[in-house]
1. Under a crude label model (7 Å from the Cα following the beta-carbon direction), how far is residue A:362 from residue A:6 in nanometres?
2. Looking at the stretch A:1-155 from every direction and averaging, what is the projected area of its Cα convex hull in nm²?
3. Helix-only mean residue ellipticity at 222 nm, chain B, DSSP H runs n ≥ 4 weighted -39,500 (n - 2.57), per residue, nearest 500. What is it?
4. Can you work out D for the stretch B:15-128 in µm² s⁻¹ from Stokes-Einstein, where Rh is the Kirkwood radius over C-alpha pairs, the temperature is 37 °C and the viscosity is 0.692 mPa s?
5. For residue A:157, project a label point 7 Å along Cα to C-beta. Then give me every residue of the stretch A:84-107 with its amide nitrogen under 17 Å of that point.
6. When the Cα centres of the stretch B:164-218 and the stretch A:260-320 are compared, how far apart do they sit, in Å?
7. Just report the Cα centroid separation between the stretch A:144-192 and the stretch A:334-389, whole Å.
8. Taking a spot 7 Å from the Cα of residue A:37 along the direction of its beta carbon, which residues of the stretch A:127-158 have an amide N less than 18 Å from it?
């Protein structure tokens with residue numbers, strides 16, 4: 001694990017010093033993070049890096065999990081899909097009751113010892129009921145919503161809303177992801193860790209090794225999309241883009257991602273992609289295990305142009321990952337992507353297969369323009385989407401709970 | 001001047017902020033105008049300064065969110081340019097700036113009855129800044145100290161002493177120039193710093209320009 005001082009090389013010593021100064025205002029406070037799992041998924045990934053960094057700046061940060069069981073997590077998966085607006089994810093009254101039952105079990109079992117209790121996503125949301133307990137008056141509860149609830153199913157949202165509005169504050173990743181609520185809604189974007197295996201600098205030997213392993217030719221141009229095999233990431237559309245580009249510019253295509261064994265749709269999409277590639281030797285369809293961080297890093301670094309042609313997207317942090325590597329990036333203007341790319345400044349935003357192909361040709365044929373977009377993108381990510389900015393925002397959020405709803409806080 | 005000691009030291013603060021949604025949004029120019037009318041200083045501050053924060057190493061795409069949305073989302077280039085051209089430093093308060101915004105938009109609406117309605121995903125969200133003013137507990141007694149400390153602090157120090165100061169002091173002045181003029185009688189240096197336009201420099205350029213100017217008088 002990295003020390004906070006390791007980040008000084010990237011963001012400057014003054015920024016690291018400032019983080020420590022801000023953190024000193026939380027002296028003696030315990031920040032208890034609660035979610036549903038230690039491994040798997042974006043929330044666990046960010047917490048696994050954020051908690052040690054909070055400790056590095058001397059904040060007493062803890063991380064606990066609720067218990068659930070198979071049935072509970074089936075229901076919470078349905079709730080998750082329903083919040084995303086998936087129309088067939090209808091939750092029955094009986095399922096809502098079971099959700100409440102498990103919440104009560106967790107309330108009975110868990111030690112809610114934090115001064116600030118930071119609840120992540122819907123699974124543990126009901127723990128707010130503890131706020132009524134004797135001696136809990138001074139504790140502050142914050143709900144962190146990591147998902148886009150803008151198109152949420154009304155029934156599901158109303159079920160959760162009765163909990164949400166009991167919190168002292170909520171946090172969303174984008175203004176577009178939120179709903180009208182009676183409690184303060186803070187905006188904090190997610191982030192990437194520049195020192196993680198997925199984003200750290202790699203030497204040429206490491207990149208060559210990955211290219212050799214997959215028989216990718218580094219002397220020819222490469223278009224890449226990194227994402228799991230999911231229809232919402234439009235991997236078939238990416239192959240159409242590649243074919244339109246290839247008529248004019250020689251190139252290879254890498255589609256790198258995972259298709260989990262327990263996700264039947266993922267395997268189905270993976271097979272459709274293989275079928276559509278039709279044995280083209282210049283298309284590399286890489287179904288990688290979830291631990292392939294170095295491989296993903298190397299693939300992004302060996303690419304000439306990176307695509308994220310999603311139809312629907314959460315925040316879309318793979319865009320920040322590629323921009324951090326100074327790669328010219330073309331991405332759909334959906335979800336949190338327009339926050340990461342300012343069109344024609346730090347990348348290109350597209351809406352169609354034809355438009356994406358046109359931009360890809362422009363970038364492949366105009367390396368100077370491509371480099372400029374990549375450099376601007378790198379600076380934009382450095383200023384806005386690194387874990388150090390995320391850490392600062394969380395520290396400010398925790399401090400805010402110690403003040404009434406004041407617009408100006410003097411520290 | 002490097003060894004001359006000030007009677008009163010310069011005390012460094014940094015100004016940090018965290019964005020908060022207000023629930024107010026606009027899909028067209030009329031809603032946009034209504035939203036601006038309802039905006040307080042914290043909202044106006046966010047939308048006039050967050051671009052500087054986001055692009056502090058590179059040139060900002062537009063000097064404020066209002067101009068950016070009108071130009072790039074509504075597609076009203078003429079109005080966008082008018083809003084982008086407002087000189088923030090010519091106002092002593094956010095309220096004055098707000099009245100100028102309202103005047104320009106009202107004029108435009110009077111002459112252009114038909115304006116676009118955008119989709120929910122392209123709406124203008126009115127966001128406010130929750131501001132944190134943090135005492136760094138660092139004091140400069142000389143120009144040498146001043147340069148060394150300024151170099152060691154983040155760009156958020158400029159937000160307090162250079163941007164916020166003109167609204168706090170109710171005139172186009174900044175804390176650095178005030179201190180240099182009063183403690184060292186270096187009015188020429190104070191004026192040179194005062195004449196730097198922070199809205200046309202990137203944050204790092206501005207910090208480096210101030211340090212370079214002060215070094216010439218050390």
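Bear in mind these aren't lab numbers, they're just calculated from the coordinates by the rules spelled out. Computed from a prediction, not measured in an experiment: that's the story for all the values here. So basically every Cβ, Gly included, is an ideal-geometry build from the backbone, and we count neighbours across all protein chains shown.
1. Each label point is offset 7 Å from its Cα along the Cβ direction, giving 3.9 nm.
2. On the way: hull surface 43.6 nm².
Averaging across all directions leaves 10.9 nm² for the Cα convex hull.
3. -14000 deg cm²/dmol
4. 229
5. Counting only backbone N, you get A:84-91.
6. With the stretch B:164-218 and the stretch A:260-320 each reduced to a Cα centre, they are spaced 51 Å.
7. Result: 28 Å between the Cα centres.
8. Within reach of a label on residue A:37: A:145-148.
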